[in-house]
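Read the figures in this text as sums done on the coordinates, not as results from a lab. A quick note: this is a predicted structure, and the numbers were derived from the prediction, not measured. Every residue, glycine as well, gets a Cβ built from its backbone with ideal geometry; the counts of neighbours run over all protein chains shown.
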Amino acid sequence: MKTRMIFVGPPGAGKGSQAKILSEELNIPHISTGDMFRKHLKEQTPLGLMAKNYTDKGLLVPDDVTNEMVKDRLSQEDVKNGFILDGYPRNPYQANYLDELLSKSHLKIDVVLNVTSSDEVIIKRITGRRTCPVCGAIYHIDNFPPKQEGICDNDGEKLIQRKDDLKETIVKRLDVYNKETFPLIHYYKEKGLLVDIDGNRDLKAITMDVLKILEQQ
Ligand SMILES: [Zn+2]
């Protein structure tokens, strides 16, 4: 069974949801860079403070800081049976660091799951999102509508469309993603680790697919 994996894929292709489901199914931790950053910031660790220095200025957190956070996370006990990385590595430099880090423990990445989806489907999925500004509940106008249109089921608040979910924002993010991730996809393709997953299906079908891939030798 393959248990050391990386999820890659554009925003809105469903890799986060998939990683979460698998983490529960396989009982291995889901390590997302977003959660990792938040935790370091909250606990005001030296790495968290260093990262904050950059994000406060609107700059990207340098690779070396992110790499150190991942090193720290992968030294913890709960990853011994495997892990699911989500949002890391972002580029070949980080990927190379990860390979070297794992090789020190005679380990390696087993598989890189590339959840793909057409831009059109992603745009439809994201622009249909509606969020409750009070309780944070997320709805979708087609796939998960509230009982009453435009109103939160939990507290009756008027739902909003976040700036991140506007069409022009998502088109820009997809463009950045495609440019940034191309070299990373290439890196893992060369190593024979990349497997494409069709993300244009329901979550359950995708999970079944992924489990089959993980079971292959
Ligand atoms: Zn609400």
**Item:** Rounded to 10°, Cα long-axis angle of helix 15-26 versus longest principal axis of the chain
**Value:** 60
**Request:** Filter the GluC sites (Glu not before Pro) in region 29-85 to those in DSSP coil with at most 15 other Cβ atoms within 10 Å of their Cβ, and list the result.
**Result:** E43
**Asked** Rounded to the nearest 500 deg cm²/dmol, what is the calculated helix-only ellipticity per residue at 222 nm for the chain, with -39500 (n - 2.57) per DSSP H run of length n ≥ 4?
**Response** -15000 deg cm²/dmol
**Convex hull per residue volume in Å³, alpha carbons only, for region 33-102** = 89
**Request:** Just grab the label-to-label distance for V171 and Q44, each label 7 Å out from Cα along the Cβ direction, in nm (one decimal).
**Result:** 4.4
**Message:** Let me check the size of the chain from its C-alpha atoms; what are the radius of gyration and Dmax in Å?
**Reply:** 18.3, 55
**Message:** Which log10 I(q)/I(0) values does region 112-217 give at q = 0.13, 0.24 Å⁻¹ under the Debye formula, counting every alpha carbon as one identical point scatterer?
**Reply:** -0.65, -1.21
**Message:** Give me the one-decimal nm value for the distance between modelled label points at D164 and L59, 7 Å along each residue's Cα-to-Cβ direction.
**Reply:** 2.4
**the chain: relative contact order as a whole-number percent, Cα under 8 Å and 6+ apart** = 30
**Asked** So which residue, out of L159, L184, L85, gets the largest mean-square fluctuation from a GNM of the chain using Cα contacts under 10 Å as springs?
**Response** L159
